[in-house]
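Q: Pasting a structure here, questions to come.
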Amino acid sequence: MSELSTKHLLGIKHILKEDIELIFETADKFKEVINRPIKKVPSLRDVTVANLFFENSTRTRISFELAEKRLSADTVNFSASSSSVKKGETLLDTVNNILSMKVDMVVIRHPAPGAPLYLSRHIEANIINAGDGTHEHPTQALLDAFSIREKYGDLEGRKVCIFGDIQHSRVALSNILCLTKLGAQVAVCGPPTLIPKHIDSLGVKVEYDVRKALQWCDVANVLRIQLERQDIKYIPSIREYTNYFGINKAMLDGLDKEVLIMHPGPINRGVELSSDVADSDHSIILNQVENGVAVRMAILYLLASKNKV
């Protein structure tokens with residue numbers, strides 16, 4: 001497969017396993033580029049990318065901006081907090097105004113699930129979903145899977161457990177879809193109130209005991225409690241969550257194998273992960289950050305290639 005099957009990246013459920021493999025092969029090449037003394041290539045020199053972030057973001061926004069700059073693209077950065085959205089302008093009007101400035105690609109993060117899909121049906125530019133509500137976060141899932149592949153060489157048969165707030169996490173859904181497409185076995189672990197009903201319909205195992213889950217898995221992808229997305233209390237207290245579901249070094253030392261530790265960030269140190277785990281040799285959290293730039297470079301490059309005649 002030499003090109004993506006789609007002109008947008010709206011979610012993992014919209015792409016094929018072959019698309020994922022092509023993104024990874026391309027990211028391998030770009031990872032070599034970003035580790036060279038001269039880290040820039042002219043691949044997107046004539047492409048303009050608009051970064052539209054209607055929600056706060058640090059890591060994802062910076063990662064996309066850096067990926068765009070490494071590819072020599074022109075970028076327009078848009079923040080909803082300082083825009084006409086505050087005056088009542090619609091999402092479509094906002095984007096159409098930006099597109100009238102001859103923008104080729106749009107990277108969008110939005111609190112409403114389905115916002116990127118809605119845009120893809122109304123505008124010609126390539127759309128990349130940088131997170132839509134509690135729905136999907138496809139680039140995070142791709143960089144997570146890429147990081148596991150980098151460590152193990154293949155995801156087929158690997159056991160990956162996602163810990164924490166599954167109910168409110170777009171990262172969890174995208175990871176489940178991505179990992180299962182690549183042949184991994186997936187489990188989720190957390191309080192019953194934070195695990196969606198019928199999640200087993202996605203082909204995942206459900207576990208409520210952290211120690212049993214750690215003993216089962218090769219990789220632990222740990223998520224934070226997303227208090228900002230909770231309109232009611234799903235857990236008695238943060239302290240109680242940490243006591244029952246936090247992962248510390250004593251737990252890892254008590255296992256008869258090594259478990260890889262991942263986290264999409266930001267980490268609530270001392271809550272879902274203790275500092276001595278986050279900073280340990282088990283952790284590839286900083287590798288995830290580095291791989292995020294290479295994977296996003298690959299996605300931008302491959303989508304831009306779809307526009308070439």
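The values are calculated or read from the model by the stated rules, or taken from the named source; none is laboratory data. From a predicted model like this one, the values you see are computed outputs, not experimental measurements. Glycine also receives a Cβ, built like all others from the backbone with ideal geometry; neighbour counts cover every protein chain displayed.
Q: With (1) closer than 20 Å to ALA172 by Cβ; (2) within 21 Å of the chain's Cα centre (by Cα); (3) assigned by TED's automatic domain parsing to the domain that holds VAL160 as the list, and ARG269 as the residue in question, which single condition is left unmet?
A: (1)
Q: Sticking with this one: What's the number of the condition ASP154 fails, among (1) more than 27 Å from LYS13 (Cβ to Cβ); (2) exposed (fewer than 14 other Cβ atoms within 10 Å of the Cβ); (3) of a type in the set (Asp, Glu)?
A: It fails just one condition, (1).
Q: Shifting gears a bit: Say we look at segment 52-70 and pick out the residues that are buried (at least 20 other Cβ atoms within 10 Å of the Cβ) and either not hydrophobic (A, V, I, L, M, F, W, C) or not in a loop (DSSP other than H, G, I, E, B) (or both); which of these is farthest from the chain's Cα centre (by Cα)?
A: ARG70
Q: Look through segment 1-14, keep the residues that are surrounded by fewer than 19 Cβ atoms within 10 Å (Cβ to Cβ) and closer than 24 Å to GLY153 by Cβ, and return whichever of them is modelled with the highest pLDDT.
A: If we take residues in segment 1-14 being surrounded by fewer than 19 Cβ atoms within 10 Å (Cβ to Cβ) and closer than 24 Å to GLY153 by Cβ, then SER2 is modelled with the highest pLDDT.
Listed here are the residues, each with its yes/no results for (1) of a type in the set (Val, Ile, Thr); (2) at pLDDT 95 or above; (3) on the phi < 0 side of the Ramachandran plot.
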| position | (1), (2), (3) |
| --- | --- |
| PHE24 | no, yes, yes |
| ALA27 | no, yes, yes |
| PHE30 | no, yes, yes |
| PHE53 | no, no, yes |
| THR58 | yes, no, yes |
| SER63 | no, yes, yes |
| ALA67 | no, yes, yes |
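Q: Among ALA294, ALA250, which is closer than 30 Å to VAL47 by Cα and out of contact with any strand residue (DSSP E or B) (no Cβ under 8 Å at 6 or more places or on another chain)?
A: Testing whether each residue is closer than 30 Å to VAL47 by Cα and out of contact with any strand residue (DSSP E or B) (no Cβ under 8 Å at 6 or more places or on another chain) leaves just ALA294.
Q: Quick one: would you say VAL204 is surrounded by 16 or more Cβ atoms within 10 Å (Cβ to Cβ) and at pLDDT 95 or above?
A: Considered against the rule, which asks whether it is surrounded by 16 or more Cβ atoms within 10 Å (Cβ to Cβ) and at pLDDT 95 or above, VAL204 comes out as yes.
Q: Next question, about the same structure. Working only within segment 221-272, note down all residues that are of a type in the set (Asp, Glu) and at pLDDT below 85.
A: GLU228, ASP231
Q: Another question, then. When segment 15-33 is examined, which residues are found to be surrounded by fewer than 18 Cβ atoms within 10 Å (Cβ to Cβ) and either assigned to a helix (DSSP H, G or I) or polar (S, T, N, Q) (or both)?
A: LYS17, GLU18, GLU21, GLU25, ASP28, LYS29, GLU32, VAL33
Q: Further question on the same structure: Looking only at residues in segment 167-193 that are buried (at least 23 other Cβ atoms within 10 Å of the Cβ) and closer than 19 Å to TYR244 by Cα, which one is modelled with the lowest pLDDT?
A: Out of the qualifying residues, it is GLY190.
Q: Is it the case, given these coordinates, that HIS137 is in contact (Cβ under 8 Å) with a residue 24 or more places away in the chain, out of contact with any Phe, Trp or Tyr (no Cβ under 9 Å at 6 or more places or on another chain) and buried (at least 21 other Cβ atoms within 10 Å of the Cβ)?
A: Yes; evaluated as a whole, the condition is true for this residue.
Q: Take LYS87 and tell me if it is assigned by TED's automatic domain parsing to the domain that holds SER43, among the charged types (D, E, K, R) and at pLDDT below 80.
A: Spelling it out, LYS87 is indeed assigned by TED's automatic domain parsing to the domain that holds SER43, among the charged types (D, E, K, R) and at pLDDT below 80.
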